[in-house]
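Read-outs: derived from the displayed coordinates by stated rules, not from any lab. Given the structure is predicted, the values throughout are model-derived calculations rather than measurements. Methodologically, a virtual Cβ is constructed for each residue, glycine included, from the backbone with ideal geometry; neighbour enumeration extends over all protein chains shown.
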Amino acid sequence: MPEADTEQTVVETEKLDSSFLRKIMKHPGGEKILVCLQCGVCSSSCPLRLVSPEYNPRKTVKKAILGMKDQVLSNEFVWFCADCNACTERCPQGVNPSEVMKAIKNVAVEEGVAPEAVKKIVANLEEHGRVYPIEEFTKDEREMQDLPSLEPDAKVFKINKKKLLREKN
Ligand code: SF4
Ligand code: SF4
């Protein structure tokens with residue numbers, strides 16, 4: 001079991017953003033966030049809590065409700081969320097915390113503050129139609145395994161980068 005959650009959260013009222021909660025609730029999965037009763041069942045179920053006390057779905061939900069946008073979006077926890085659904089299966093309120101994490105990620109993308117690695121993946125999709133470009137190493141490996149060669153640019157589907165990463169500028 002994770003250790004008891006005794007860390008206190010400092011709320012800097014001047015930094016609260018009341019639009020943050022509305023944005024989360026507009027995304028699929030974020031609709032039920034307000035029925036959270038802060039029981040902590042999600043956090044005690046979350047495997048990431050074993051890695052760091054900062055990786056905490058209950059606190060993330062609480063901070064999101066309060067409008068602590070900077071603190072939520074600057075914490076890598078939502079991006080590390082394994083989508084294992086342990087929290088969602090046990091949440092007594094049907095908040096669906098794993099989906100709330102996805103809604104928060106969508107807001108981060110809209111705000112242009114997604115991690116650089118995520119931006120890079122989108123750029124690769126846009127440029128090559130793949131999450132990573134096909135390089136010489138991959139080509140050689142495929143040849144050694146008698147696998148058919150891959151086109152450098154898959155272009156399986158068109159990616160609208162602006163739609164995926166609504167950057168501020
Ligand atoms: S289990 Fe559900 S109700 Fe309890 S703190 Fe987590 S999200 Fe909120
Ligand atoms: S879905 Fe994400 S937040 Fe929920 S328990 Fe799994 S890792 Fe934790």
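Data table
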| read-out | value |
| --- | --- |
| Candidate aspartates and glutamates for bridging to Lys69, where Cα separation is under 18 Å - those fewer than 8 sequence places away on the same chain excluded | Glu12, Glu14, Asp17, Glu31, Glu54, Glu99, Glu110, Glu111, Glu167 |
| Förster-model FRET efficiency, 45 Å R0, Val122 and Asp146, C-beta, rounded to 0.05 | 0.85 |
| Principal axes of region 70-160: Cα extent on each, largest first, Å | 52, 28, 22 |
| Cα-based Rg and Dmax for region 16-110, where Dmax is the largest Cα-Cα distance (Å) | 11.6, 32 |
| Isolated Cys residues of the chain, judged by Cβ distance under 4.7 Å to other cysteines | Cys36, Cys39, Cys46, Cys81, Cys84, Cys91 |
| Relative packing of 10-22, 26-38, 49-61, 94-106, which averages over residues the other C-beta atoms within 10 Å, highest first | 94-106, 49-61, 26-38, 10-22 |
| Cross-link pairs Lys32/Lys59; Lys59/Lys120; Lys62/Lys102; Lys62/Lys119; Lys26/Lys62 - those with Cα-Cα distance over 22 Å | Lys59/Lys120; Lys62/Lys119 |
| Between region 66-97 and region 20-64, the alpha-carbon center distance in angstrom | 4 Å |
| With 10 Å bins from 0: P(r) over the chain, alpha-carbon pairs, percent | 10, 31, 28, 18, 10, 3, 0 |
